[in-house]
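A short reminder: the numbers here are calculations on the coordinates, not readings from a lab. For clarity, every value in this text was computed on a predicted model and none was experimentally measured. Using ideal geometry, Cβ is built from the backbone for each residue, glycine included, and neighbour counts are taken over all protein chains shown.
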2 protein chains.
Amino acid sequence: MTQAVRHDSMRARNLGVVLGEVRRSGPITRAALAEITGLTKTTVSKMVGDLIEAGMVAESGALRDGERGRPGTAVALSGRRVAALGLEINVDYLSACVVDLTLAVRLRYTQAVDNRRASPVETLSHLEELAHRAVEEARGEGLSIAGSTLAVPGPVDGGLVHAAPNLGWHDVRVSDLLGFPVELDNEANLAALGELWFGSVPGDFLHVSGEIGVGAGLVVGGTLFRGARGLAGELGHVVVSPDGPACRCGGRGCLEQYAGQDALLRAAGLAGVPELLAHLQAGERGSLEACQRAGQALGVALTSAVHLMDPGTIVLGGVFAPLFPWIRDPAHETMTSRLGVMRRAVPELTVSRLGGDAATLGAAGQVIHRVIANPWSHLATTRP
Amino acid sequence: MTQAVRHDSMRARNLGVVLGEVRRSGPITRAALAEITGLTKTTVSKMVGDLIEAGMVAESGALRDGERGRPGTAVALSGRRVAALGLEINVDYLSACVVDLTLAVRLRYTQAVDNRRASPVETLSHLEELAHRAVEEARGEGLSIAGSTLAVPGPVDGGLVHAAPNLGWHDVRVSDLLGFPVELDNEANLAALGELWFGSVPGDFLHVSGEIGVGAGLVVGGTLFRGARGLAGELGHVVVSPDGPACRCGGRGCLEQYAGQDALLRAAGLAGVPELLAHLQAGERGSLEACQRAGQALGVALTSAVHLMDPGTIVLGGVFAPLFPWIRDPAHETMTSRLGVMRRAVPELTVSRLGGDAATLGAAGQVIHRVIANPWSHLATTRP
DNA sequence: CGATTTAATCCACTTTATGGACTTAATATG
DNA sequence: CATATTAAGTCCATAAAGTGGATTAAATCG
């Protein structure tokens, strides 16, 4: 239900609107903010004052909007004070990053750990160490951490990791194990949001993150689509061929069996992605054909996805990012031939600029976006 | 962007919250409304007064909330004044209905017309006639029509019907042809909303409307998912078998080629749905097998849909409604065997109670839901 | 240098919601 | 049966927040 608006929540909401517009429209004068938001100059001035006091925006010199008249003093987001911690647990590494309010990446840590062999408690204690180091260093730079989000490779329900098969986790309650409060979310979801906020994609796309599994996050109008239970986006188990090879999910002919990292390497007869890349660059026939077949399977699955979810563009990330030159064309041709008549335009297929960092960045970005949407609570905490 | 809140829009929003709660919680006292919404009794009383004056709610006798104390006077939505017009153009009929604020269906008209042979102008003039008759009769009952929505069998963009292949329409601008203002929307979308508001399904489901084409509308959290360009939900062209029979969309092995009305009748060797039903009831082997194969194909497509969109339940409507007894099991078995390991529970497969009326009802319901979400504008119009 | 234009602030005012006091209408209790 | 208790609904003075016009500030133009 939409909540009732009271005087304080009216102010909270309008603060969010103003701060959001500052983010969207870069350095901008108070007068222009008033114009855009529909609030009066008086109101905007008061709010900008409060936001400056809270260290969220800062004046950034004069700015001429028109030709004549007094120039305005522009205000912009300030990265001096507020920041967020993004964390990620994946199969073979842990990572953390600190991002400030302007979405500038201030700190970044990655640590190679084999989490398949470690218990959840061990992994989380490693992570906690990493997080504490990041928070300490951020404090040293004068940043205050507004919150943190943790990306895990599997579906999440509240503070519970329902299942992360590649980690060997089942029903792990993370909030109990980590020594400070974190939000939890699926790695594929956060990677999509990372792409939205740190990549150069517009606000409507399907982000495909090919790892050992193949996940996807759909962003529509700048918002992540999660489905009824938060389990949407399992592109890896879309049916490519109903009588294809059996999949660990219980089905047959899932995309993962054609274009998942393991399937791809098996088809190429190789042991790792670096080798595969080397073979591809050398023009080795078997590897090229393996990629082509994977690309075609991806094209079939994406055809179904486009019909069902109508994404604006499609961004390939994860392993598909380095393999993009060899996967793009077969996938795109498959989609074009299948989608042609129904749509004016087949969604563009692009490559992620972020690669493996997308989820960690998205995790931090989510906290920042919450702060920007609701600066009121962060104003209140710094007040007497 | 979220819009800034001002004093008048605060009131507008709170009016919507109060009216929405009246709808949700049936007959309810002012005191309980205040409790739920978080507004004060004073504020709620004033608003309820305004809503009564506008004819949107009415007092409905005493109601005891607790054991002791003064009993409250309950208020509930009133169907006396405000109503909406729902319209539908389909291949072989036109229909119209008038629904009041309580979502009670007050009037219903259906007219068999072969719209394939008629030009858009002819069809729309028939429709206009039908609509005028409905509006006149509604006026006679003291209803004032707050707006109307028209369901068309094809994708829609603003006031433009992009393409309705089964009608032979291309880029028809409906707002120019009909003599009064109507909203436009896709038939599959409105059928899903009809199921939401007039059926007995909870707020998360995928509504599959099997006609000659197979469409689907996804409702998550009581909101229709439309995708980036409003083209989401084309379940009929999800790939069931990548090398299957060619489809009119340019692809191969689309669901429509297995479970569309035409494909199904062809497989059974029959000419119409009534005959097919008769044969099924008689236990005729060919028809039973045709349905089983269609159900299995539907199960495959729905497997992909569930992985991608994570619907709560799945509701089968359109032709699939009468065929449900013969289609449900093969579809559900296919889904269960394929989805089993990944999900705690496979989405339930249920049947629509509404059948062919879903879209027309959804069209009227959409107008009503807009009124309930924003009663302010309807208050203002009746004021000096 | 004064006129004009635009930015930002100041201040009296309006709108809306609040919260406690009051009235009303039931049941519970002695 | 009279009185206490409880809860619903209304009244009214007050507070919070935004409005809009006046004012001051800082540029350009002629």
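With a Förster radius of 51 Å applied to the beta-carbon distance between B:E53 and A:A345, the computed FRET efficiency rounds to 0.50.
Scanning residues 5 or more positions from A:V113 or on other chains, those with amide H under 5 Å from its amide H are A:Y93, A:L94, with H placed 1.01 Å from N in the peptide plane. A crude spin-label estimate for the pair A:R139 and B:R80, with each label 7 Å from Cα along the Cβ direction, gives 6.6 nm. Semi-axis lengths, largest first, of the ellipsoid equivalent to region B:44-84 are 24, 11, 6 Å, with √(5λ) applied to each eigenvalue of the Cα gyration tensor. Per-residue shielding of A:245-258, expressed as the average number of other chain Cβ atoms within 10 Å of the residue Cβ, stands at 3.
Applying the Karplus relation 6.51 cos²θ - 1.76 cosθ + 1.60 with θ = phi - 60° to region A:51-56 yields 3J(HN,Hα) values of 5, 5, 4, 7, x, 8 Hz, where x marks Gly and Pro. Normalised by the number of residues in chain B, the mean separation of alpha-carbon contacts (under 8 Å, six or more apart) gives a relative contact order of 17 percent. Placing +1 on the Cβ of every Lys and Arg and -1 on the Cβ of every Asp and Glu, with nothing else charged, gives region B:201-352 a dipole about its Cα centre of roughly 300 debye.
Based on DSSP H segments of at least four residues, each scored -39500 (n - 2.57), chain A has a per-residue ellipticity at 222 nm of -13500 deg cm²/dmol. For the Cα atoms of chain B, what angle does the longest principal axis make with the long axis of helix B:120-140, in degrees from 0 to 90, nearest 10? So the helix axis and the longest Cα principal axis differ by about 40 degrees. Report, for region A:201-352, the % of DSSP beta bridges that are antiparallel, rounded to 5. Around 50 percent antiparallel, to the nearest 5. Each residue of region B:80-93 was assigned a 3J(HN,Hα) from its phi angle through the Karplus curve 6.51 cos²θ - 1.76 cosθ + 1.60 (θ = phi - 60°); the sequence is 5, 10, 8, 8, 9, 10, x, 10, 8, 10, 10, 4, 10, 7 Hz, with glycine and proline shown as x. Of the beta bridges in chain A, as assigned by DSSP with both residues counted there, near 65 percent are antiparallel. Relative to the current alpha-carbon distance between B:E284 and B:E128, full extension at 0.36 nm per residue lengthens the span by 51.7 nm.
Counting 0.36 nm for each residue step from B:D262 to B:R108 and taking away their Cα separation leaves a gain of 52.6 nm. Here the Karplus curve 6.51 cos²θ - 1.76 cosθ + 1.60, taken at θ = phi - 60°, turns the phi angles of region A:142-151 into couplings of x, 8, 10, 7, 7, x, 8, 10, 10, 9 Hz, with x standing for Gly and Pro.
When Rg is the radius of gyration of the Cα atoms in region B:2-77 and Rh is its Kirkwood radius, what does Rg/Rh come to?
Radius of gyration over Kirkwood radius for region B:2-77 works out to 1.00.
Residues whose amide H lies under 5 Å from that of B:G244, counting only those 5 or more places away or on a different chain, are B:G253; hydrogens are built 1.01 Å from N in the peptide plane. Amide H contacts for A:V319 (H built 1.01 Å from N in the peptide plane; partners 5 or more residues away or on another chain; cut-off under 5 Å): A:G210, A:E211. With respect to chain B, whose longest principal axis is taken over its alpha-carbon atoms, helix B:7-24 is tilted by about 60°. Expressed as a fraction of 2.2 N^0.38 Å, the C-alpha radius of gyration for chain A is 1.09. Take each peptide in B:340-352, A:231-243, count the other Cβ atoms within 10 Å of every residue, and average; sorted highest first, the result is A:231-243, B:340-352.
State to the nearest 20 debye the size of the charge dipole of the protein assembly as shown about its Cα centre, where the only charges are +1 on K and R beta carbons and -1 on D and E beta carbons.
Computed charge dipole of the protein assembly as shown: roughly 1900 debye.
Distance between the modelled labels on B:T336 and A:R68, one decimal in nanometres: 8.0 nm (7 Å Cα→Cβ projection). Sorting A:356-365, A:302-311, B:246-255, B:162-171 by average packing, meaning the other beta carbons within 10 Å per residue, from highest down gives A:356-365, A:302-311, B:246-255, B:162-171. Over all alpha-carbon pairs of the protein assembly as shown, lay out the pair-distance distribution in 10 Å bins, whole %, shortest bin first. The percentages, shortest bin first, are 3, 12, 20, 23, 21, 15, 5, 1, 0.
Let's see if you can work this out: charge +1 on each Lys and Arg Cβ, -1 on each Asp and Glu Cβ, no other charges. What is the dipole magnitude of chain B about its Cα centre, in debye to the nearest 20? It comes to approximately 1240 debye. Peptide B:294-304 shows a mean partner chain C-beta count of 3 within 10 Å per residue C-beta. Annotation note: GluC sites (Glu not before Pro) in region A:22-74 located in DSSP loop regions with a Cβ neighbour count of at most 12 within 10 Å are A:E67.
With both residues required to sit in the protein assembly as shown, DSSP beta bridges show an antiparallel share near 65%. For peptide A:11-21, the mean count of partner chain Cβ atoms within 10 Å of a residue's Cβ comes to 2. Rg over Rh for region A:127-167 works out to 1.12, using Cα positions for both radii and the Kirkwood form for Rh. Which of B:I28, B:L143, B:L231 sits farthest toward the positive end of the charge dipole of chain B, with +1 on the Cβ of Lys and Arg and -1 on the Cβ of Asp and Glu? Of B:I28, B:L143, B:L231, it is B:I28. The loop-placed trypsin sites (Lys or Arg not before Pro) in region B:1-101, going by DSSP, that have at most 12 neighbouring Cβ atoms within 10 Å of their Cβ come out as B:R64, B:R68. Based on the convex hull around the alpha carbon atoms, region B:302-384 presents an average projected area of 7.6 nm².
Rounded to the nearest angstrom and listed largest first, the equivalent-ellipsoid semi-axes of region B:42-112 from its Cα gyration tensor are 37, 13, 8. Each of B:R24 and B:S45 was given a label point 7 Å from its Cα along the Cα-to-Cβ line. The distance between the two points is 2.4 nm. Rg/Rh for region A:201-352 (Cα atoms only, Rh after Kirkwood) is 0.96.
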